[in-house]
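Here is the structure we will look at, set down as structure tokens.
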Amino acid sequence: MFSITWGSVSGWWVPVCLILGILYAWLLYRQPVNLQKKFRLWLAVIRAVVIFIIAMLLVSPLVKTIKYSPQKPLVLIAQDNSSSVNTFKPTGFNTTRFINDLASLKQELGDKYDVQEFNFSKDLSNGLSYKFAGKQTDIAGALQQLNNRFVNQNIGALVLATDGLYNQGNDPQYEAKNIKTSIYTIALGDTVAKRDLLIGNVNYNKTAFLGNDFEIEVLAAAYQGKGENIRLSVTEDDKQVHTQTIPVTAGDLKKVIPIKLTADKKGLRKYNISIAPVKNELSTQNNTETIYVDVLDARQKILVIYQSPHPDITVIKQAIETNKNFEVKTSLLADITNIKLADYSLMVLYQTSIASSVNLKNFIAKSKTPVWYILGSQTDLQAFNAEQNNVKINAGRTESQEVFALPEAGFPAFTLSDSSRKKIALLPPLLAPFGNYSTSANTAVLLKQKIGAVATIYPLLALADDAGRRIAVLTGEGLWRWQLAEYQNYSNRNATNELLSQTVQYLTANANRQRFRVYPAHNVFDEGENVILNAEFYNDALELINTPDVKIELKNQAGKNYSFLFSRNGQSYQLDAGTLPVGEYTYTANIQNGPQRYQASGQLTVKPLNLETRQSAANHQLLNTIAKQSGGKMLYPTQIGQLANLIRKNDNIKTVVYEDKHYSDIIDVKWLFVLILLLLSGEWFLRKREGEV
């Protein structure tokens with residue numbers, strides 16, 4: 001459909017153009033000698049129309065074109081492909097028949113609906129699956145991905161087939177509220193827990209100190225096991241270090257069992273926690289759990305120096321001490337004369353400068369101790385610019401502005417988890433000095449400043465290696481806001497703690513100044529997780545370089561070798577070894593710089609995931625809640641045949657017609673030129689025929 005609209009042109013030009021066409025035709029055909037009256041009339045009409053059209057083209061009104069595009073309602077099918085569905089299925093449930101019944105929904109709904117099928121476990125994938133092999137379940141993540149993929153499209157209904165058990169992500173019912181459509185849930189699994197003894201969870205610190213006792217908490221559970229005993233044992237490197245028996249006095253029992261262990265050997269220690277199986281137990285996969293504790297022989301000391309009290313000091317201290325490898329002392333600048341600075345592996349200068357203390361200035365000048373500058377409204381920017389060369393701030397006046405954190409992709413020094421990066425980007429702004437920022441070539445930026453909605457290249461958190469000394473600069477104050485906001489929104493402070501702890505770990509990583517160092521991103525990797533290793537090499541001037549090649553060989557317990565070559569990343573090295581089979585690995589890395597050869601070794605572990613076997617009773621209450629709050633309905637696998645009728649009868653599921661309006665100049669309408677050509681050709685033909693050329 002199209003029509004003419006005038007826009008800024010007056011509609012009075014239409015009669016003017018028409019009169020012009022009629023006048024021109026009258027002047028041309030008022031007294032022709034060789035034409036009959038009827039031919040004169042027809043030729044005059046043709047000429048008047050042609051002149052009218054040409055005049056309208058010169059006036060150039062707008063042509064409005066309207067297109068109507070119908071979009072069939074989308075019916076999305078999301079099938080839980082995790083192993084818990086197949087492991088804890090009720091009697092008589094056939095997974096192959098269930099998938100076939102689910103797939104038949106597409107044929108039953110016919111061409112009036114656009115049916116798209118997906119399966120999910122940890123991530124969302126296209127199509128239905130018969131495998132049920134997923135080792136983690138993130139229902140909320142699958143719903144979020146579907147909502148993002150089909151945003152602003154005509155989603156008529158969502159069919160969610162799952163047992164309601166999830167071990168990753170947020171509560172699905174909150175994410176389901178963001179999908180503005182009817183959700184029909186298909187309740188898989190069995191709400192009656194089978195006879196099963198299992199380890200539900202293990203709480204423990206990943207580090208301990210040599211010679212100290214440490215405690216782990218084991219959540220042991222028993223379903224349908226009244227009269228049995230939970231025989232719990234703990235082994236360290238296949239040697240039993242603890243055993244305990246807990247009687248099951250009820251049909252269903254959950255109990256947190258504290259266990260005290262002793263860190264008597266240095267290094268990464270492996271502890272196997274197991275429950276002896278009982279007769280007729282449903283699954284023994286969830287009877288064991290393996291944890292790894294890094295036993296350290298010393299703590300590193302961190303000194304936080306500040307000019308005046310600030311709530312950020314407490315946040316920094318608490319976050320760093322979440323890593324038991326660090327011990328934090330806070331001190332006013334005026335009191336550091338009584339402190340032995342050589343005992344500390346890192347100086348955190350909170351809104352103060354090195355030049356403010358003679359003792360501090362002399363110590364920093366003579367040592368390579370890492371320094372972390374944290375700036376704020378009390379910072380002397382002139383002194384800060386003079387003390388280091390990595391971040392410069394040119395400020396004409398002493399003012400602060402609110403800046404949000406914008407995590408930088410591909411930061412080379414260390415890796416923040418994806419969840420922490422997402423959280424940090426949503427946290428409240430910090431107060432940073434107003435001015436123009438610049439960074440040196442050897443400075444890597446982890447967080448950039450976002451001012452309002454504008455992303456800048458100004459650094460918020462930058463790290464560098466300056467002539468053998470590691471430097472960090474946080475250009476804003478207000479970390480206490482981050483801690484409060486994160487706890488309010490997520491009930492934890494994981495992102496803030498991880499950022500500060502990882503920064504300190506990076507700064508102090510080379511306190512002993514090893515020339516060649518290789519370390520994994522984690523000591524323990526989950527099954528299916530990519531194994532990431534980092535390497536650093538320092539030349540004779542203790543400058544970080546990555547000119548020589550770094551080769552590494554990983555060996556598992558069976559003696560199989562995996563050889564890799566590190567990639568260069570910034571001024572250091574990084575290796576993504578991909579996913580490795582479950583087991584313990586030792587590694588040996590080599591680098592040759594001129595005639596000298598360096599070697600570094602260590603160990604890492606890939607542990608199996610058994611998250612899917614920790615819960616055996618399906619959560620149908622969750623599925624019923626999701627269905628009701630969306631206007632849908634919860635069904636059981638035997639009721640899949642009713643789905644097509646329920647969707648057809650839902651008045652909210654309709655084909656939506658989208659209207660697309662397009663405006664263009666009339667001169668762009670090509671067929672008008674064809675019409676003019678045909679009319680003039682017809683006029684010429686009639687005049688030629690009658691002998692009037």
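Given DSSP loops and a limit of at most 14 other Cβ atoms within 10 Å, what is the longest stretch of the chain that contains no such GluC sites (Glu not before Pro)? If you can, show how the numbers build up before the last one.
Working: sites that count: Glu399, Glu543.
After excluding every exposed loop site, the longest remaining stretch is 1-398.
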Could you tell me the relative contact order of the stretch 300-508? Use alpha-carbon pairs under 8 Å, at least six residues apart, and round to a whole percent.
23 percent
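Whole-Å semi-axes of the stretch 516-607's equivalent ellipsoid, largest first, each the root of 5 times a Cα gyration tensor eigenvalue? Show your work: numbers first, answer last.
Numbers: eigenvalues 122, 36, 20 Å².
With the √(5λ) rule applied to the stretch 516-607, the semi-axes are 25, 13, 10 Å.
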Students often check this: by mean Cβ neighbours within 10 Å, which of 360-368, 615-623 ranks highest, and how do the rest follow?
615-623, 360-368
Computed magnitude of the charge dipole of the stretch 516-607 (debye, nearest 20; Cβ of K, R +1, Cβ of D, E -1)
240 debye
15 Å Cα-Cα reach of Lys361 towards aspartates and glutamates, excluding residues that sit fewer than 8 places from it in its own chain
Asp335, Glu387
Determine, from the Cβ-Cβ distance of Gln36 and Asp111 and an R0 of 51 Å, the FRET efficiency 1/(1 + (r/R0)^6), rounded to the nearest 0.05.
0.30
Apply 1/(1 + (r/R0)^6) to the Cβ-Cβ distance of Trp684 and Leu62, taking R0 = 22 Å, and write down the FRET efficiency to the nearest 0.05.
0.10
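With both partners inside the chain, how many of the DSSP beta bridges are antiparallel, as a percent to the nearest 5?
Working: 119 of 167 bridges.
Counting only bridges with both partners in the chain, antiparallel ones make up about 70 percent.
Could you work out the relative contact order of the chain? I mean the mean sequence separation of Cα pairs under 8 Å and 6+ apart, divided by the number of residues, in percent.
Relative contact order for the chain comes out at 15 percent.
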Take Ser419, project a point 7 Å from its Cα along the Cβ direction, then tell me which residues of the stretch 152-185 have their backbone nitrogen under 20 Å from it.
164-177
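Calculate the translational D of the stretch 555-682 in whole µm² s⁻¹ from Stokes-Einstein, where the hydrodynamic radius comes from the Kirkwood formula applied to all Cα pairs, the temperature is 4 °C and the viscosity 1.567 mPa s.
Details: Rh = 24.5 Å.
The calculation lands on 53 µm²/s.
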In the stretch 207-354, with Lys and Arg counted as +1 and Asp and Glu as -1 at Cβ, which of these residues, Asn272, Gly251, Gly211, has the Cα nearest the positive end of the dipole, that is, farthest along it?
Gly251
How are the alpha carbon pair distances in the stretch 300-508 distributed across 10 Å bins from zero to the largest one, expressed in percent?
8, 37, 40, 13, 1
Add +1 for every Lys or Arg and -1 for every Asp or Glu among the other residues with Cβ under 11 Å from the Cβ of Asp526, and state the total.
+1
Using a simple spin-label model with points 7 Å from Cα along the Cα→Cβ vector, what separation in nm is obtained for Phe673 and Lys239?
9.3 nm
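Net charge around Ala589, counting only other residues with Cβ within less than 14 Å of its Cβ (Lys, Arg = +1; Asp, Glu = -1)?
Numbers: positive: Arg515, Arg517, Lys551, Lys555, Arg597; negative: Glu536, Asp549, Glu553.
That works out to +2.
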So how far apart, in nm, are the two label points at Thr288 and Lys661 if each is 7 Å from Cα heading toward Cβ?
7.0 nm
Of Leu677, Ala365, Leu349, which is farthest towards the positive pole of the chain's charge dipole, taken about the Cα centre with +1 and -1 on the beta-carbons of Lys, Arg and Asp, Glu respectively?
Leu677
How many angstrom lie between the C-alpha centres of the stretch 176-247 and the stretch 356-402?
50 Å
Principal-axis tilt of helix 37-59 within the chain, Cα atoms, nearest 10 degrees:
30 degrees
So the angle from the long Cα axis of helix 311-320 to the longest Cα principal axis of the chain, reported in degrees to the nearest 10, equals 70 degrees
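In the stretch 300-508, what % of DSSP beta bridges are antiparallel (nearest 5)? Don't jump to the answer; show the numbers that get you there.
Details: 26 of 46 bridges.
Here the antiparallel bridges make up roughly 55 percent for the stretch 300-508.
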Run the paramagnetic zone check for Gln629: 7 angstrom along Cα to Cβ, then residues of the stretch 164-195 with backbone nitrogen under 20 Å.
164-188
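Which value, in nm² and rounded to one decimal, describes the direction-averaged projected area of the C-alpha convex hull of the chain? Please report the intermediate quantities before stating the final value.
Details: hull surface 194.6 nm².
The number I arrive at for the chain is 48.7 nm².
For the ranges 152-163, 593-604, what's the packing order if you count other beta-carbon atoms within 10 Å of each residue, average per peptide, and put the highest first? Intermediate results must be reported in sequence, preceding the final value.
Working: 152-163: 22.0, 593-604: 13.9.
Averaged packing, sorted descending, gives the order 152-163, 593-604.
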Average Cα contact separation per residue, the stretch 516-607, under 8 Å, 6 or more apart, as relative contact order %:
34 percent
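What FRET efficiency, computed as 1/(1 + (r/R0)^6) with R0 = 51 Å and r the Cβ-Cβ distance, is obtained for Ser331 and Gln557, rounded to the nearest 0.05? Please report the intermediate quantities before stating the final value.
Details: r = 48 Å, r/R0 = 0.94.
Step by step, r from the Cβ atoms, then E = 0.60.
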Hey, how many Å between the Cα centroid of the stretch 24-70 and the Cα centroid of the stretch 101-136?
61 Å
About the Cα centre, and with charges only on the beta carbon of Lys, Arg (+1) and Asp, Glu (-1), how big is the dipole of the stretch 196-297? Nearest 20 debye, please.
120 debye
How large is log10 I(q)/I(0) at q = 0.12 Å⁻¹ when the Debye formula is applied to the Cα atoms of the stretch 196-297, each weighted equally and without solvent?
-0.40
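Could you size up the charge dipole of the chain around its Cα centre, putting +1 on the beta carbon of Lys and Arg and -1 on that of Asp and Glu, and report it in debye to the nearest 20? Write out the running numbers ahead of the final one.
Values: 72 positive and 61 negative charges, 364 e Å.
The dipole of the chain has a size of about 1760 debye.
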Give me the angle, in degrees from 0 to 90, between the Cα long axis of helix 139-149 and the longest principal axis of the Cα atoms of the chain, rounded to the nearest 10.
30 degrees
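When Phe132, Phe88 are ordered from fewest to most other Cβ atoms inside 10 Å of their Cβ, what list results?
Values: Phe132 21, Phe88 24.
Final ranking by Cβ density, sparse to dense: Phe132, Phe88.
Values in this text are rule-based calculations from the coordinates and carry no lab data. In this text, all values refer to a predicted model and were calculated from it rather than measured experimentally. No Cβ is skipped: glycine too gets one built from the backbone with ideal geometry, and neighbour counts run over all protein chains shown.
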